[in-house]
Amino acid sequence: MEATGTDEVEKIKSKFMSAWHNMKYSWVLKTKTYFSRNSPVFLLGKCYHFKTDDSGELSTDGSNFDKINTEISGNVEEFRKDFISRIWLTYREEFPQIKGSALTTDCGWGCTLRTGQMLLAQGLMLHFLGRAWVWPDALDIDNSDSESWTAHTVKKLTASFEASLTAEREPKILSNHHRGTLKRNCDDSERRNEVYHRKIISWFGDYPLAAFGLHQLIEYGKKSGKIAGDWYGPAVVAHILRDELNSFVFVLRKAVEEARDPELQGVTVYVAQDCTVYSSDVIDRQCSLMDSGKADTKAVIILVPVRLGGERTNLDYLEFVKGILSLEYCVGIIGGKPKQSYYFAGFQDDSLIYMDPHYCQSFVDVSIKDFPLESFHCPSPKKMSFKKMDPSCTIGFYCRTVQDFEKASEEITKMLKSSSKEKYPLFTFVKGHSKDYDFVSSPLHEEKHLFLEDEKKRLKRFSTEEFVLL
């Protein structure tokens, strides 16, 4: 009887907190994001130029397209289309109850989970769709400046489109045969891409069976002593965020390892240890057998938890962060500012471009056919000064083949050396396995290994308490 009473109290408490969070996070402060016309904009390795003879700023919501020439308008549209095509995962309400709790929303505590999901989603988009892919309906999304992203407006967005920004282009004259072949090939390609687009989003659905959904990640988190509702939320101080990120990247890796969808058997995740990427360990993961027993190389998503300074972000790291976000195989950065987690995907000048998970939207059942896609795509980017960024973050990369990894490690190593004013870079790539050093290959592995003396001093810096993994 006492247990029943406790359950009722928890349910009432959960409903009260849900109502409070829905009120707090459903209303969005509608501010436009302005970009300089005279500086390039980078988004996950792609560069866009808005330069004109006129000085000033440019809004990317389409509100002042009539003030700029056609060429620059095209660049703005291409940038908007690319940005909107990224998968946006935010707070949700009214989803199936999380096992072992009365929670049906992650408002107020799930922002780090959501930013981690966005990074992983971008890695899967590179794997299945490629960096050149954009959502054909991206510019049809209503920016909805006069409304908030509440459950009601999200439902309205699923049924309303505005195509005023799409530009008509002169059609090329083709023979009937070429026209039919082109249309058939285009239709087949678009159909395939749309299938993967929906499939990737469905893997992040808010229901228990979704491979990388909130429910599944929480189950993996329980093995680290975490429970739903009081973990991975905005950190009160920087070191708490550090611990959350270090713990969370292993949860992401576990989720990918345990995924049962055959489509996901060709992808693996590697988490750097103490700011060190062990090349042989990465290659071993890429060359591991599929569940079917087929010997084939896997694509790898590499996650590197780092710290960009002490209590505050060191501005000396700005150029390195910009360099990383200029790489097409970068899948973004999980970071934010104190008390809030963001997904960083680009930059202009000294400001970072990000997607914000702190919007409460209604649950979407991704298991149904043709579920609405609009609420999984952000209509407008946000910007934040680099100096406001919390120093704790996790950088992500995607490498399709072993050769891609070797090329990326060389390129990033050069970037690390050129950007480092100190003797040691922010993180490093080391040949060999982690077992060749004193660092273990996973946070659960307790075997001790002998040092290689010629590397001992160089790696000593990375073994400080600041970077101990949970």
Return the long-range amide H neighbours of K382 (sequence gap of 5 or more, or a different chain), with a cut-off of under 5 Å between placed amide H atoms. Y354
Jot down the radius of gyration and Dmax of the stretch 184-224, Cα atoms only, both in angstrom. 14.8, 50
Which residues does a label at Q265 reach in the stretch 185-212, if reach means a backbone N under 18 Å from a point 7 Å past the Cα toward the Cβ? 211
Descending packing, highest mean Cβ count within 10 Å first, for 347-354, 261-268 is 347-354, 261-268
Return the long-range amide H neighbours of T428 (sequence gap of 5 or more, or a different chain), with a cut-off of under 5 Å between placed amide H atoms. T276, V277
Packing-wise, with mean Cβ within 10 Å as the measure, how do 81-87, 128-134, 407-413 rank, highest first? 81-87, 407-413, 128-134
Here the net charge surrounding D106, from other residues whose Cβ is less than 9 Å away from its Cβ (Lys, Arg +1; Asp, Glu -1), is 0
Taking the DSSP beta bridges in the stretch 262-385 as the whole, what percent of them are antiparallel, to the nearest 5? 75
At a probe radius of 1.4 Å, what is the per-residue accessible area of E194, in Å² to the nearest 10? 50
Using a 7 Å offset from the Cα along the Cα-to-Cβ direction at both K369 and S385, what is the distance between the two label points in nm, to one decimal? 5.4
Among E94, E406, what's the order by accessible area (1.4 angstrom probe), most exposed first? E94, E406
Taking amide H atoms as placed 1.01 Å from N in the peptide plane, list the residues 5 or more away in sequence, or in a different chain, whose amide H sits under 5 Å from that of Q273. Y278
I'd like the accessible area for Y220: 1.4 Å probe, protein heavy atoms, all chains in place, Å² to the nearest 10. 30
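The values are calculated or read from the model by the stated rules, or taken from the named source; none is laboratory data. Note that the structure is a prediction, hence the values are computed from the model and not measured. Virtual Cβ from ideal backbone geometry, glycine too; neighbours counted across all protein chains shown. Accessible surface areas use protein heavy atoms only, side chains included; no ligands, DNA or RNA. Shrake-Rupley method; radii C 1.70, N 1.55, O 1.52, S 1.80 Å.
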